[in-house]
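**Q** Below is the structure I would like to discuss, written out as structure tokens.
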Amino acid sequence: MTYLLPRSLTASGNIALILAFGDLSYLEICATMEERLSRSEHVLPGVAFAETKQAGGYEKLAGVHKVAVALTAKPSGWTASMNGVREFLKAYDKDFNFSVSLYSDSPVTKEEYESTIADFLAEVREAGFRKANLIRPGNGTELLARDVVARKIIDFVVVLRGHYWTGVTSYVPDVQQFQLRSNERPVVSSDISISARLAKLLLNVSGVQKGETVLDPFCGSGTILMEALLLGANALGVDRDPVRIENSRRNLEWLRKTYQVEGRSFLLKVGDATQLEKVIPGLQVDVVVSEPIFLPRIDFAPSLEKARKLIKNSSRLYSEALYSIAGVIRKGGRVVLVVPSLRTTAERDVSVLLEDVQEAGLKPFRPAQHKFEYPVRISGENTRWVRRMIYVFERV
Ligand SMILES: C[S@@+](CC[C@H](N)C(=O)[O-])C[C@H]1O[C@@H](n2cnc3c(N)ncnc32)[C@H](O)[C@@H]1O
């Protein structure tokens with residue numbers, strides 16, 4: 001993790017979180033930080049505001065690009081915003097690189113962005129920094145988190161919704177660790193695996209605690225189980241394919257050695273996820289997190305008829321699996337399940353819908369004070385026809 005500014009400058013609990021996966025990232029924030037937040041609001045598709053009771057607490061989030069702290073007490077007019085910037089600059093005594101990332105509720109023209117950065121530049125020069133460099137984003141109005149870190153940039157953040165929320169990026173998560181894990185483990189199967197980052201996000205949404213047990217009943221090569229061990233949980237994997245179980249074993253053993261994970265166990269079983277009580281008799285788990293996409297390879301957009309047929313076939317398996325999962329999870333435990341949605345030639349979405357779950361003893365998970373309509377989409381994915389969506393249930 002990377003803190004970009006001294007703690008003394010970032011003590012404010014008034015923060016903006018720049019979201020990597022839209023709604024899903026906001027769900028992660030609500031599910032993991034509930035006790036630390038006095039208030040939060042998803043203000044733009046890619047931005048949430050929050051008021052933390054004490055600074056920090058966002059370091060465990062997997063779904064944020066950046067966290068910025070406010071430079072003014074509340075959203076305000078431009079003059080007050082610039083006063084906040086002026087105050088902030090007093091903490092600096094030598095030149096620096098800086099950028100301005102602008103997020104808005106309406107499209108921003110090039111002229112508007114240029115005029116915004118011109119005001120920042122004027123403020124910086126006025127404060128006596130003659131050689132401070134303004135770094136422009138390669139594209140659009142936002143400097144990417146990785147550039148902020150790589151080039152040690154003071155990244156001013158403006159969120160425009162009628163008023164200006166003005167702040168400065170104070171923290172950027174280390175996302176390289178996820179890529180390293182995904183690429184360096186013994187069995188890399190990018191065709192079936194989700195990213196380690198998304199796996200961690202889903203585990204965060206499950207609310208799993210250290211020492212608890214996570215079940216992935218369609219574990220594939222074990223991406224979710226690996227992240228579960230790293231979070232201090234025990235991992236239980238089921239897959240009907242013995243080769244996949246062997247792949248998971250190799251990946252988990254590698255993880256244990258490489259990350260010196262101690263005091264946590266993993267157990268892997270070949271078996272059918274729709275018959276869990278037989279596969280793991282007598283075992284009860286705390287949470288279930290799984291990403292089983294049951295679709296054949298799709299190389300072009302399907303017709304509506306084809307999409308409906310494919311989704312109908314896979315829906316049956318999801319329903320059966322849900323009943324089976326409900327039989328092995330403790331009361332109050334959460335089930336986080338990724339399901340597919342297909343985009344047809346006519347750009348219609350046909351999705352797996354998991355309804356009537358109360359019969360199985362499950363209810364949709366609703367973090368306090370927030371309404372989430374399930375399934376929650378993962379925005380920011382670059383897939384074309386198959387998209388992923390998330391359901392979260394709680395065992396009644
Ligand atoms: C998309 S993969 C899961 C990938 C996993 N999330 C990862 O990152 O490695 C789906 C897995 O479900 C398994 N599977 C399909 N039907 C199953 C069933 N009825 N019971 C158990 N496993 C099943 C397949 O063998 C496959 O490994």
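The values are calculated or read from the model by the stated rules, or taken from the named source; none is laboratory data. In this text, all values refer to a predicted model and were calculated from it rather than measured experimentally. Every residue, glycine as well, gets a Cβ built from its backbone with ideal geometry; the counts of neighbours run over all protein chains shown. Note: accessible area is taken over every heavy atom of the protein model, side chains too, but ligands, DNA and RNA are not part of it. Shrake-Rupley method; radii C 1.70, N 1.55, O 1.52, S 1.80 Å.
**Q** What tally of residues in region 5-51 results from selecting those that are under 28 Å from R151 (Cα atoms), modelled with pLDDT under 90 and surrounded by fewer than 20 Cβ atoms within 10 Å (Cβ to Cβ)?
**A** 8
**Q** When only residues in region 203-250 that are among the hydroxyl-bearing types (S, T, Y) and outside any strand (DSSP E or B) count, which is farthest from the ligand (Cβ to nearest atom)?
**A** Ranking the candidates gives S206 first.
**Q** In this structure, does K331 turn out to be among the charged types (D, E, K, R), modelled with pLDDT of 90 or more and within 25 Å of the chain's Cα centre (by Cα)?
**A** Judged against the criteria, K331 is not a match.
**Q** Quick check on L198: is it farther than 23 Å from P296 by Cα and either in a helix (DSSP H, G or I) or among the aromatic types (F, W, Y) (or both)? Steps first, answer last, please.
**A** Working: farther than 23 Å from P296 by Cα: no; either in a helix (DSSP H, G or I) or among the aromatic types (F, W, Y) (or both): yes.
No; evaluated as a whole, the condition is false for this residue.
**Q** Report yes if some residue within region 254-272 is buried (at least 21 other Cβ atoms within 10 Å of the Cβ), in a helix (DSSP H, G or I) and more than 9 Å from the ligand (Cβ to nearest atom); otherwise report no.
**A** yes
**Q** Also, quick follow-up: Restricting to region 190-223, and then to whatever is surrounded by fewer than 17 Cβ atoms within 10 Å (Cβ to Cβ) and among the small types (G, A, S), can you tell me which residue is farthest from F21 (Cα to Cα)?
**A** Of all residues in region 190-223, those surrounded by fewer than 17 Cβ atoms within 10 Å (Cβ to Cβ) come to 190-192, 209-211.
From what's left, among the small types (G, A, S): 190, 211.
Numbers: S190: 19, G211: 28 Å.
Here the answer is G211.
**Q** Looking for whichever is modelled with pLDDT under 95 and open to solvent by 40 Å² or more (accessible area, probe 1.4 Å) here; the options are V243, V175, V187. Which one fits?
**A** Values: V243 fails: modelled with pLDDT under 95; V187 fails: open to solvent by 40 Å² or more (accessible area, probe 1.4 Å).
Result: V175 is the single residue among V243, V175, V187 that is modelled with pLDDT under 95 and open to solvent by 40 Å² or more (accessible area, probe 1.4 Å).
**Q** All but one of (1) of a type outside the set (A, V, I, L, M); (2) away from the ligand (no atom under 16 Å from the Cβ); (3) in contact with a helix residue (DSSP H, G or I) (Cβ under 6 Å, 6 or more places away or on another chain) hold for S324; which doesn't?
**A** (2)
**Q** I'm trying to understand the selection: among the residues of region 293-326, which are modelled with pLDDT of 90 or more, outside any helix (DSSP H, G or I) and surrounded by 15 or more Cβ atoms within 10 Å (Cβ to Cβ)?
**A** Once the filter is applied, which keeps residues that are modelled with pLDDT of 90 or more, outside any helix (DSSP H, G or I) and surrounded by 15 or more Cβ atoms within 10 Å (Cβ to Cβ), region 293-326 yields only P302.
**Q** Moving on. Would you please name the residue that is surrounded by the most Cβ atoms within 10 Å (Cβ to Cβ), looking only at residues in region 355-372 that are among the small types (G, A, S) and at pLDDT 85 or above?
**A** That would be A360.
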